[in-house]
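Any read-out appearing in this document is the output of simple, stated calculations on the displayed coordinates, not a laboratory observation. Note that the coordinates shown come from a computational prediction; the quantities given were computed from them, not determined experimentally. Note that we place each Cβ from the backbone using ideal geometry, even for glycine, and neighbour counts take in every protein chain shown.
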């Protein structure tokens with residue numbers, strides 16, 4: 001697997017993760033892990049981080065290889 005393909009695949013995965021965080025924020029889904037309720041602000045952090053990683057992945061997948 002080349003670096004370009006790897007960057008594209010990871011960018012797609014992080015895009016899906018960002019989309020799920022955004023959907024949770026818009027739809028108001030509640031997340032519970034065991035007995036702990038995950039606050040909504042965690043999805044804001046997850047959305048920002050996942051969107052940034054997706055952006056970087058797409059950017060790296062478009063750079064020409066040497």
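Only helical runs count toward this figure. For the chain, summing -39,500 (n - 2.57) over DSSP H runs of n ≥ 4 and dividing by all residues gives -25000 deg cm²/dmol at 222 nm.
I need the peptides 32-38, 22-28, 57-63 ranked by packing, meaning the mean over residues of other C-beta atoms within 10 angstrom, with the highest value on top.
Answer by packing, highest mean first, reads 57-63, 22-28, 32-38.
Taking the longest Cα principal axis of the chain as reference, the axis of helix 41-62 is set at about 10 degrees. Inter-label distance, residue 30 to residue 16: 2.7 nm, where each label sits 7 Å from its Cα along the C-beta direction. Debye-formula intensities of the chain, expressed as log10 I(q)/I(0) at q = 0.23 Å⁻¹, are -0.87 (one equal scatterer per alpha-carbon, no solvent).
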